[in-house]
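Accompanying notes for the structure given below.
The values are calculated or read from the model by the stated rules, or taken from the named source; none is laboratory data. Nothing here was measured: the structure is a model prediction, and the numbers come from that model. Because the Cβ atoms are built from the backbone with ideal geometry, glycine has one as well, and the counts that use them run over all protein chains shown.
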Amino acid sequence: MSVNSIQFSPDGKLFVTACDDRFARIWQTETGMSVAQPMEHGNSIRFAQFSPDGKRIVTASWDGTARVWDAKTGTPLSDPLKHSNSVNFAEFSPNGERIVTASNDKTARIWDLVPSGEAWPEWLTRLAEAIAGQHLSDRGIVELPNKESAELIREIKDQLSREPVDDKWAIWGRWFLGDRSTRTITPFSKLTVPEYIRNCIEEHTRESLYEAEQLSAGNAQLLEQIVAARKSLPSKPGQ
């Protein structure tokens, strides 16, 4: 299978390969030995790159997605970052907080990433328990949480409201718990969901209208606009 991309880690001790066999792999430079589990996509991987701190890897694939992985283990750290066509390129920003992707769907997109680092705030564990409705005890036993999920979430929201305005984890937490119909499109963006939906409708392509529809679930007024916009799309060849 063809190797489409080779990139060294910032310290030069590792390198990552992206191949047509749907896998990206991490190798030791000195020994040539594989050091983590392969990172798998649904189609050929066109590009892979280490983050500036060398702790993460981003891959771009012809399956229409990019993805972020842990450079030590090869496990995924993000959901698939989806385009409507193959993704040919993905790169971290200099501070490692965002990713830019380029696709055959004729778009380039910028994605915010969840804050990285060894430590995470204590409220994040409580939030995970509230969402899952389960608590993992110190003995590794899954139990019911001591409080109802709604009460836990109220407490976390109250705590986040007192966190520093520029704390990246708090910004993410406030965004995650915000109103999905009015919040910004990503945690660190200034563009709101309604504004993004309007932009998708104005773009007036099948792909953009589909994305607008997914974000407009439950909003009858916006869904009517999307239906009307679809009616004025040019017919596909053969129709």
| task | Output the residues belonging to region 4-57 that are of a type in the set (A, V, I, L, M) and either under 21 Å from LYS82 (Cβ atoms) or modelled with pLDDT under 95 (or both). | result | ALA18, ALA24, MET33, VAL35, ALA36, MET39, ILE45, ALA48, ILE57
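Collect the residues in region 49-76 that are over 21 Å from THR205 (Cβ atoms) and assigned to a loop (DSSP other than H, G, I, E, B), keeping them in residue-number order.
SER51, PRO52, ASP53, GLY54, LYS55, ALA71, LYS72, THR73, GLY74, THR75
Could you go through region 77-89 and let me know if any residue there is outside the structural domain of GLU207 (by TED's automatic domain parsing), in a loop (DSSP other than H, G, I, E, B) and more than 17 Å from the chain's Cα centre (by Cα). Walk me through how you get there before you give the answer.
Here is the first cut: in region 77-89, the ones outside the structural domain of GLU207 (by TED's automatic domain parsing) are 77-89.
Narrowing the set further to residues that are in a loop (DSSP other than H, G, I, E, B) leaves 77-80, 83-86.
Narrowing the set further to residues that are more than 17 Å from the chain's Cα centre (by Cα) leaves none.
Within region 77-89, none of the residues are outside the structural domain of GLU207 (by TED's automatic domain parsing), in a loop (DSSP other than H, G, I, E, B) and more than 17 Å from the chain's Cα centre (by Cα).
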| message | Restricting to region 1-50, name every residue that is within 24 Å of the chain's Cα centre (by Cα) and aromatic (Phe, Trp, Tyr). | response | PHE8, PHE15, PHE23, PHE47, PHE50
| message | Checking SER208 against (1) surrounded by 15 or more Cβ atoms within 10 Å (Cβ to Cβ); (2) within 30 Å of GLN159 (Cβ to Cβ); (3) among the polar types (S, T, N, Q): exactly one of these is not met. Which one? | response | (2)
| field | Hits in region 1-26 (condition: of a type in the set (Ser, Thr, Tyr) and under 18 Å from THR73 (Cα atoms)) | value | SER9, THR17
| Does region 25-42 contain any residue that is surrounded by 20 or more Cβ atoms within 10 Å (Cβ to Cβ), over 25 Å from TYR210 (Cβ atoms) and of a type in the set (D, E, K, R)? | yes
| Just one of PHE8, PHE50, PHE15 is hydrophobic (A, V, I, L, M, F, W, C) and in contact with a Pro (Cβ under 9 Å, 6 or more places away or on another chain); which is it? | PHE50
